Amino acid sequence: MITFPRVVRAEWTKLVSLRSTWITLGTASVLAVGLAGAIGYGVHRSVEGGDPPPGLPEAVSAAFLPIDFFVLVFGVFGVLQMTGEYGSGLIRATLTAVPRRWPVTAAKAVVQAAVTLPVMAVTVLGSFLVCQAFLRDEGASLGDPGVPGAIVGATISPVLVGLIGLGVGTAVRHTAGAITTLVAALFVIPVLLGPALPGEMERNVMKYVPTVAGQAMYSVGGGGQPFDTLSPGASAAVMVAWVALLLAGGVSLLLRRDA
Amino acid sequence: MIEVRALSKRFGDKLAVDQLSFTVRPGQVTGFLGPNGAGKSTTMRMIVGLDRPSGGTATVGGRAYREHAAPLRQVGALLEAKSVHKGRTARSHLLALGQTHGIPASRVDEVLAAVGLEAVARRRAGGFSLGMGQRLGIAAALLGDPAAVILDEPVNGLDPDGVLWIRNLLKALAAEGRTVLVSSHLMSEMAVTAEHLVIIGKGRLLADTTVDDLIARVAVGTVLVRTPEATSLRDALAAGGATVTSAEPGLLSVRGASAARIGDLASRHGIALHELTPRRASLEEAYMDLTREAVEYK
């Protein structure tokens, strides 16, 4: 008999049995920590060259600058969880085994979060510590105000973007189309939306854009964005709403369409 | 038992399956025949809930496939050859499918052995040949020890050994009392495997019959007669109640009279015969006739 925990177990087996899962997440993690170190070193050298030392917000955002871009890796990872099944034809076997369909996407979301969360926790902690080590005296420490929250935010934000990717992959089905959609939503639309909106509206709208809200989750004191952002907690709520919206949209299409 | 009732599927303005009704009974192999594009795959996909019917119903063991608590125990399906992620091993692939139903790893090893893949169980499926992929698909179909098995063109791309293996497997599954529905566009393949035939063309039912009935239907052969006096002979034969058609001048195709009777008749009328060849239509021809009519009917 099909039960939701059994479908979760099956999706767990699928995710961990692919070599590409570990290569993708491992490479992203190592690169993020390495770049955080390089950025810390770069900031330290420019301070030595006479630049003013970074304040707490800048020291924190230096460590998490690579995360701004590695959310894309997680988003694409989420997309592939679904489009990989369509591309290989596996989706037919999957949906024949679980013909009610929605548990498949729900189980993928659970498993993906369970795998990416610890990976991000290690990556974020590593990035922070390595970056601050290079910053020496100018660096922030784990006990500084706002830092624990930023670390939690930086851990969760890419996981949520991964789930947005899963929703987009469920809706769009084809890898190339889904990745294009995701990149447009995360990187192109925010860049174009700002100038396209009149000033007042821009201030009110931009903070709800996933990329902006996602970054606000791990910034201290506004993080130096060129526009208003919500508090880290409110930004997290916005991100969760995007995840829920996209997963629900993807699942409703999954239920309606021929596989 | 699989029951299809007035099943229809429309893709845009094309009716792929049109008011199709038939029943697949347990304990025998039912061949699902039709030319490419007749709607066989679409029908099979609707039975297991991958495609949503535009009209009608398909039930398995009395209910729609998706209504079953453990659908893999009702139906095992092989739809298109490769339904496997290239990067995953054969064993992990089956393990994940089985885990949705709480099927243990021991059953996975059992079906891998049954299809002869135990040696490559831990190799990634991307490197599998067409035949190995087909065997893995069949292992997946057998995983839930299902009451019914649905296989879409299972012998496609298999070598003669593989074809023979599938034939014996289908017969063994039917002998165990399972419902077996297997599609093919080749009558010759079905003639040696199936006992019952469901033949469709352009999405419509053309015949729902046993192989024996179909053979009986086509056993009425024709006789080819070559004669310089075709017109006289045709009149004489027609008067005797036979049906005569002519494909080319001087060549008659006679139905409803034996070669001996035609020879005697010709002799009585003083007509010279240059050729007198009894022809028995094959199952293949009967099938071609059936499906050709469907194409022309449209």
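Bear in mind these aren't lab numbers, they're just calculated from the coordinates by the rules spelled out. Note that the structure is predicted; figures quoted are calculated from it, not measured. Cβ: placed from backbone, ideal geometry, glycine included. Neighbour counts: every protein chain shown.
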Report summary line: Distance in Å, no decimals, from the C-alpha centre of the range B:125-146 to the one of the range B:154-188 is 14 Å
Query - Distance between modelled label sites at B:His274 and A:Ala106, nm, 7 Å Cα→Cβ extension - result: 7.8 nm
Query raised in the report: What FRET efficiency, computed as 1/(1 + (r/R0)^6) with R0 = 22 Å and r the Cβ-Cβ distance, is obtained for B:Ala114 and B:Glu80, rounded to the nearest 0.05?
Result: 0.55
Query raised in the report: For chain A, what is the mean residue ellipticity at 222 nm derived from helices alone (per DSSP H run of n ≥ 4: -39500 (n - 2.57); sum divided by total residues; nearest 500 deg cm²/dmol)?
Result: -26500 deg cm²/dmol
Query raised in the report: Against the longest principal axis of chain B, how steep is helix B:230-239, in degrees 0 to 90 to the nearest 10, with axes from Cα atoms?
Result: 80 degrees
Report summary line: Listed residues A:Val188, A:Val152, A:Val111; largest mean-square fluctuation, Gaussian network over chain A with Cα springs below 10 Å, found at A:Val188
Report task. Would you tell me the mean number of C-beta atoms belonging to other protein chains that fall within 10 Å of each C-beta in B:120-127, as a whole number? Result -> 1
Query raised in the report: Taking the DSSP beta bridges in the protein assembly as shown as the whole, what percent of them are antiparallel, to the nearest 5?
Result: 65 percent
Query raised in the report: Mind checking which of B:Ser41, B:Ser54, B:Ser267 has the largest fluctuation in a GNM of chain B, springs on alpha carbons under 10 Å?
Result: B:Ser267
Query raised in the report: For chain B, what is the mean residue ellipticity at 222 nm derived from helices alone (per DSSP H run of n ≥ 4: -39500 (n - 2.57); sum divided by total residues; nearest 500 deg cm²/dmol)?
Result: -11000 deg cm²/dmol
Report task. May I ask for the angle, rounded to the nearest 10°, between helix B:90-99 and the longest principal axis of chain B, with both axes built from Cα atoms and the value confined to 0 to 90°? Result -> 80 degrees
Requested in this report: At 0.36 nm per residue, minus the direct Cα-Cα distance, what do B:Ala238 and B:Ser188 gain on full extension? Give it in nm, one decimal, please.
Outcome: 14.6 nm
Query raised in the report: For the residue pair B:Asp264 and A:Asp51, what label-to-label distance in nm results when each label sits 7 Å from Cα along the Cα-to-beta-carbon direction?
Result: 11.3 nm
Query - B:Val24, A:Val124 arranged by Cβ crowding within 10 Å, fewest neighbours leading - result: B:Val24, A:Val124
Query - Partner chain coverage, peptide A:81-94 - average Cβ within 10 angstrom - result: 5
**Report entry** Kirkwood Rh in Å, taken over all unlike Cα pairs in the range B:220-279
**Finding:** 10.9 Å
Query raised in the report: Under a Cβ-Cβ cut-off of 14 Å, what is the net charge of the residues other than B:Ala257 that fall near it, where Lys and Arg count +1 and Asp and Glu count -1?
Result: +3
Query raised in the report: In a GNM of chain B with a 10 Å cut-off on Cα contacts, which of B:Leu197, B:Leu97, B:Leu224 has the highest mean-square fluctuation?
Result: B:Leu224
Report task. Under 12 Å from a label point 7 Å along Cα→Cβ of B:Ala172: give me every residue in the range B:77-111 with its amide N that close. Result -> B:111
Report task. Give me the distance in nm between label points sitting 7 Å out from Cα along the Cα-to-Cβ direction at B:Leu15 and A:Ala121, one decimal. Result -> 6.0 nm
Report summary line: Between B:Thr23 and B:Ser129, Cβ-based FRET efficiency (R0 41 Å, step 0.05) works out to 0.70
Report task. Give the angle, between 0 and 90 degrees and rounded to the nearest 10, that separates the Cα long axis of helix A:56-88 from the longest principal axis of the Cα atoms of chain A. Result -> 10 degrees
Query raised in the report: Given a cut-off of under 8 Å on Cα pairs at least six residues apart, what relative contact order in percent is computed for chain B?
Result: 21 percent
Report task. Pull out the extension gain between B:Ser54 and B:Asp289, defined as 0.36 nm times the separation in residues minus the alpha carbon to alpha carbon distance; nm, one decimal. Result -> 81.7 nm
